[in-house]
Amino acid sequence: MLDGVAAGASLAERLIHADGALLVWEKPSGLLSVPAKPPGPADCLEARVRAAVPEALLVHRLDRDTSGVMVFARTRLAQRHLGWQFERRQVAKAYVARVAGAVRGEAGRIALPLACDWPNRPRQMVCHDRGRPAVTDWRVLAREGGATRLELRPLTGRSHQLRVHLAAIGHPILGDPFYGDPGAADRLQLHAARIGFRHPDGGAWVAFAAPVTF
């Protein structure tokens, strides 16, 4: 156990991995990754982690309503190493989502460029004129009546990418307040289930997972 983590039992229970270079936590749905711009809330996973482990450094983010695996670095060198992997798309990420309707086929790829919907930000939108390339691979995990459970593998890292892509093909993620019907589930049914990358200390491939709770 890390020094100081025991002070917050719920935070300690969500610790997945800790070593001299990395901290891996499970972020709950509904908690920001980083503080909101004032006057928004300051409570977030970053603040909670740093209260327990002051040297913790942010590496990446998840949307507020997305749960799952989130990685922090413990040194500046580790942060730079991990950031380099994210920038070069060398990080393997897998999400699980429950989406509305019966998705046709068993697997596929969504390649639709995305841009900020400025009048309605932070919403994003498909835009073939000024959008940046965005690619998501998907495969069916289960069919559940009026919903489909998918594994999603984003090959790019655009804001709201998975949510916009699924809505664009007519299968919004259940419980999505921006791109679907927020009343369709008690929370956004999107979970960062697994992440893999080269460890910044030595370069060995490592992977971490958090169980899906919906």
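The values are calculated or read from the model by the stated rules, or taken from the named source; none is laboratory data. Just so we're clear, the structure is a prediction, and the values are computed from it rather than from any experiment. With ideal geometry, Cβ positions are generated from the backbone for all residues, glycine too; neighbour counts draw on all protein chains shown. We work out accessible area using only protein heavy atoms, side chains counted, and drop any ligands, DNA or RNA first. Shrake-Rupley method; radii C 1.70, N 1.55, O 1.52, S 1.80 Å.
Within region 186-206, does at least one residue satisfy the condition of being touching a Leu at 6+ places or on another chain (Cβ under 8 Å) and among the aromatic types (Phe, Trp, Tyr)? Yes: one or more hits. Every condition in (1) in contact with a Pro (Cβ under 9 Å, 6 or more places away or on another chain); (2) of a type outside the set (A, V, I, L, M, F, W, C); (3) surrounded by 17 or more Cβ atoms within 10 Å (Cβ to Cβ) holds for THR66 except the one numbered (1). GLY108 fulfils the conditions (1) open to solvent by less than 70 Å² (accessible area, probe 1.4 Å); (2) within 15 Å of the chain's Cα centre (by Cα) except for a single criterion, (2).
Say whether the condition of being surrounded by fewer than 22 Cβ atoms within 10 Å (Cβ to Cβ), under 22 Å from ASP176 (Cα atoms) and touching a Leu at 6+ places or on another chain (Cβ under 6 Å) is met by at least one residue in region 47-60. The answer is no, given that none of the residues of region 47-60 is surrounded by fewer than 22 Cβ atoms within 10 Å (Cβ to Cβ), under 22 Å from ASP176 (Cα atoms) and touching a Leu at 6+ places or on another chain (Cβ under 6 Å). Per the listing ASP3, ASP43, the residue uniquely at pLDDT below 90 and loosely packed, with under 14 Cβ neighbours inside 10 Å is ASP3. SER33 meets the conditions (1) in a loop (DSSP other than H, G, I, E, B); (2) more than 30 Å from ILE169 (Cβ to Cβ); (3) open to solvent by less than 50 Å² (accessible area, probe 1.4 Å) in every case but one. The failed one is (2).
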